[in-house]
1. Run the lone-cysteine check on the chain: no other Cys C-beta under 4.7 Å from the residue's C-beta.
2. Kirkwood hydrodynamic radius, the chain, all distinct C-alpha pairs: what's the number in Å?
3. Can you give me the distance in nm between label points at R290 and R96, each placed 7 Å from the Cα along the Cα-to-Cβ direction?
4. What does the helix-only formula give at 222 nm for the chain: each DSSP H stretch with n ≥ 4 adding -39500 (n - 2.57), the total divided by the residues, and the result rounded to the nearest 500 deg cm²/dmol?
5. Distance check, please: which entries in K78/K198; K78/K192; K78/K131; K2/K151; K78/K135 exceed 19 angstrom between their Cα atoms?
6. Do any GluC sites (Glu not before Pro) in the stretch 132-231 lie in a loop, going by DSSP, with at most 13 other beta-carbon atoms within 10 Å of their beta carbon, and if so which?
7. Take K135, K263 and order them by how many other Cβ atoms sit within 10 Å, fewest up front.
8. Under the classification rounded if a/c is under 1.5, otherwise prolate if a/b is larger than b/c and oblate if not, where does the stretch 29-186 fall, given a ≥ b ≥ c as square roots of the Cα gyration tensor eigenvalues?
Amino acid sequence: MKQTVLGNTGLRIMPLVFGTLPLGPLQAGLSPAEGGRLIRHALDRGVNMVDTAELYSTYPYIREALKGYGGVVHIATKTHAADAATARAHVELALRELSRERLDIVHLHGARLADPFTERGEVLAELVRMKGEGKIGHVGLSSHYISAIGKAAAFPEVEVIHPLINRTGMGILDGTAAEMTEAVAACARAGKGVYAMKALAGGNLIGSARQSLRFVLEVAGVHGVAVGMLSTAEIEANLSLFNDEALDEAAWEGLEKGRRRLKIMENFCKGCGLCVAACTADALRLSDGRARVAEDACILCGYCAAACPEFIIRVV
């Protein structure tokens, strides 16, 4: 299996990173046993890095996948905390849930923060402190903002970046795909490890999945791409593509016919607006006292589902 070094971290990763968001309650809602089975299948086939976050609620899935597994697995998680104490609590919860003494990467989860170094300075400082305590291997930044990724190049504390990048630029909050590409390249030149997210724009680019994944893999400085996978067929297809192997055309054509969307059970919506505030793509609005989605803007991240107190939103 193809491997690469994640910037100056020294971590050797297979470029296909297992993104766990779609497995959990914000999206497909698989059971931990079924989600864990899929992660384990990917690990057995050579994938060696798993991406998660406090928000995703997928630690039980990863824990299930790791039962009895003797190989090396790098785990990256994220904290969306607004203060140092909460960030520490998030990291310690992840350590307990995953039965680990150290997490390989912990990102400051700043999807909607144009300047996380100012807006979440105390969180970054706390993550660096926990790295000094041996609880975190490498500190990272996850963002949908070009400005944030660009600034990261000058911050040695940030060793890994997790930027939103796809060929259409869908979901980038302050510019184009070309501008994000430039920011990513600057971070890579500064020695940052780079693994991308939303290469398929949360599922909106499934119809051109091969083209879209190759676009991101060819961005200068990208070492890996986190991809959400919900079946062994998806795992096998992506492994072939990422390893430059011959592709099963029939399998890929079937996968590229898939479509995902955001489902809001409008009859139960109370119009509180919390989902609108949580949306990273400004794709939600309140109309007639109900939340509505503009599907052409939605990147299917599921953050609105996490914010909904009625639990009536899901990516399906």
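Coordinate-derived values only; no laboratory data. As the structure is a prediction and not an experimental result, all values here were calculated from the model. FYI the Cβ positions are ideal-geometry reconstructions off the backbone, even for glycines, and counts take in every protein chain you see.
1. Unpaired cysteines in the chain: C187, C269, C272, C279, C298, C301, C308.
2. This gives a value of 19.5 Å.
3. Spacing of the two 7 Å Cα→Cβ label points: 4.1 nm.
4. After summing the helix terms and dividing by the residues of the chain, the value is -9500 deg cm²/dmol.
5. In this structure, K2/K151 lie more than 19 Å apart at Cα.
6. E133, E218
7. K263, K135
8. oblate
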